[in-house]
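Worksheet: one structure, shown below.
The values are calculated or read from the model by the stated rules, or taken from the named source; none is laboratory data. Remember, predicted model here, so these are calculated numbers, not experimental data. Here Cβ is always computed from backbone atoms with ideal geometry, including for glycine, and neighbour counts include all displayed protein chains. To get the accessible areas, we keep the full protein, side chains included, count just its heavy atoms, and leave off ligands, DNA and RNA. Shrake-Rupley method; radii C 1.70, N 1.55, O 1.52, S 1.80 Å.
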Amino acid sequence: MEQHETERLSPAQLAAMQRSLRNGRGALTRRSLLRALGAGALGVGGLAALSGCGIPAAKRQNDAVSASNDHSAKEKVINFSNWTEYMDVSDDEKHRPTLEAFTKRTGIKVKYTEDINDNVEFFGKIQPMLAAGQDTGRDLMVLTDWLAARMIRLGWVQKLDASHLPHAYANLSDQFRSPDWDPGRVYSYPWTGIPTVIAYNVKATGGKKIDSISQLLDDPALKGRVGFLTEMRDTVGMTLLDMGKDPATFTDDDFNGAIARLQKGVDSKQIRRFTGNDYTSDLDKGDLAACVAWAGDLIQLQADNKDIKYAIPSAGYLTSSDNLLVPAKARHQRNAERLIDYYYEPKVAAQLAAYINYVCPVEGVHDELAKIDPELASNTLILPDKAMTAKSHAFRSLSSKEETAYEEKFAKLIGT
């Protein structure tokens with residue numbers, strides 16, 4: 001196995017991870033009242049340990065690391081690691097209907113484990129085995145796009161066989177077909193998408209619609225009642241879009257310009273604070289009139305408070321994704337590919353979307369979802385229409401050097 005250097009997390013990167021675990025995308029379980037992106041279980045000590053041992057640099061290894069002998073024909077099993085509450089369950093919570101239907105159809109037993117509580121923590125679990133060229137004991141896992149990108153660059157993910165994925169290939173939404181970290185989806189398929197949008201309390205805004213970052217930063221009527229997120233990619237990405245810059249191609253100067261614009265909002269006290277999911281309480285009460293928000297939270301908020309609205313800026317919005325990958329040395333790649341393809345059948349995808357309420361990456365789901373819940377089928381936060389999809393943007397992959405520099409500047413902005 002090729003040896004290579006490791007990179008250490010900077011203080012700013014560690015602080016960003018800690019923010020995420022406390023109250024950001026890693027703060028709540030996926031099925032909690034206000035869903036985010038998973039529960040954080042890695043504390044300051046764990047992060048420090050991870051930093052101390054170093055994370056491998058983003059550098060592809062040789063083919064021997066990703067090569068694997070597949071045992072799918074003789075071993076009818078899949079070991080599937082996922083986030084908590086990210087799979088449909090029966091009303092009595094004793095069954096997982098779509099997984100059980102897959103087993104009934106194929107004879108393949110799915111050993112399903114909800115052992116991903118945070119991307120960083122999970123990477124810490126599997127990194128030593130992958131670095132040593134060993135089987136992780138997992139055939140399929142779900143990782144957020146930035147970590148999926150790192151895993152692919154390291155050579156720790158197996159290339160998928162397109163001939164085993166007819167439904168996935170045919171039904172994958174155009175929006176998710178070619179991220180810069182996996183062009184053409186050679187190594188991954190999205191499990192779900194997570195939009196970042198603008199939310200506002202119409203009672204707190206006096207009936208005014210808030211639909212741009214410019215309003216958040218410049219409208220005097222909102223002064224002191226505006227929130228941005230503590231997640232750098234979301235806050236800076238949305239600001240870049242408002243400035244006419246593409247988050248997929250921005251430069252250092254563009255990034256610095258976005259930071260300067262946000263700093264002006266801090267200095268003038270236009271921005272009340274930078275938040276994780278805790279914006280939900282302030283938005284609900286009206287203490288925050290408007291903020292940058294995650295769509296997964298808003299579906300739940302709107303169910304309890306009809307004053308909560310959301311808007312898609314004309315400049316566009318960000319979408320990140322959680323993704324299915326087969327790790328290097330997995331014993332059952334063919335079985336895993338069958339399961340990936342299964343979840344791209346519209347009827348199955350609709351059952352999953354009805355439960356988790358995130359953006360479904362599968363085309364042709366509307367009619368099937370409407371049979372389950374017509375209201376969900378018409379919700380563009382779950383099934384974006386063409387107009388909304390056209391405004392979706394992805395934040396480009398960052399080099400280690402860029403991520404360190406950007407997180408340091410962002411940490412200074414938000415005061416951490």
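Points to keep in mind about this one:
- Criterion: part of a loop (DSSP other than H, G, I, E, B), open to solvent by 10 Å² or more (accessible area, probe 1.4 Å) and either at pLDDT below 95 or more than 25 Å from Asn357 (Cα to Cα) (or both) - qualifying residue of Asp246, Asp253: Asp246
The rows are residues; the columns are (1) over 21 Å from Leu318 (Cβ atoms); (2) among the acidic types (Asp, Glu); (3) touching a residue at least 40 places away in the same chain (Cβ under 8 Å); (4) outside any loop (DSSP other than H, G, I, E, B).
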{"position": "Arg273", "(1), (2), (3), (4)": "no, no, yes, yes"}
{"position": "Leu283", "(1), (2), (3), (4)": "no, no, yes, yes"}
{"position": "Asp287", "(1), (2), (3), (4)": "yes, yes, yes, no"}
{"position": "Asp297", "(1), (2), (3), (4)": "no, yes, yes, yes"}
{"position": "Lys306", "(1), (2), (3), (4)": "yes, no, no, no"}
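Residue-by-condition table, conditions (1) aromatic (Phe, Trp, Tyr); (2) under 30 Å from Val186 (Cα atoms); (3) open to solvent by less than 10 Å² (accessible area, probe 1.4 Å):
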residue	(1), (2), (3)
Ala290	no, no, yes
Gly296	no, yes, yes
Gln302	no, no, no
Lys306	no, no, no
Ile312	no, no, no
Ser321	no, yes, yes
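- The residues listed here are Ala221, Ala260, Ala199; of these, the one that is under 22 Å from the mean Cα position of the chain (by Cα) and small (Gly, Ala, Ser) is Ala199.
- Some residue of the stretch 163-183 being in contact with a Leu (Cβ under 7 Å, 6 or more places away or on another chain) and open to solvent by less than 10 Å² (accessible area, probe 1.4 Å): no
- From the options Asp385, Asp373, residue that is open to solvent by 30 Å² or more (accessible area, probe 1.4 Å) and over 30 Å from Gly244 (Cα atoms): Asp373
- Flag if Phe80 is at pLDDT 95 or above, open to solvent by less than 50 Å² (accessible area, probe 1.4 Å) and either assigned to a loop (DSSP other than H, G, I, E, B) or farther than 30 Å from Phe395 by Cβ (or both): no
- Residue identified as in a loop (DSSP other than H, G, I, E, B) and touching a Leu at 6+ places or on another chain (Cβ under 8 Å) among Thr205, Thr196: Thr205
- Candidate set from the stretch 132-157 (those that are aliphatic (A, V, I, L, M) and in a helix (DSSP H, G or I)); member that is farthest from the chain's Cα centre (by Cα): Leu154
- Of all residues making up the stretch 327-372, the number that are out of contact with any helix residue (DSSP H, G or I) (no Cβ under 7 Å at 6 or more places or on another chain), assigned to a helix (DSSP H, G or I) and at pLDDT below 95: 2
- Residue in the stretch 114-137 that is free of Cβ contacts under 8 Å to residues at least 60 places away in the same chain, farther than 30 Å from Glu75 by Cα and either of a type outside the set (Phe, Trp, Tyr) or open to solvent by less than 10 Å² (accessible area, probe 1.4 Å) (or both) present: no
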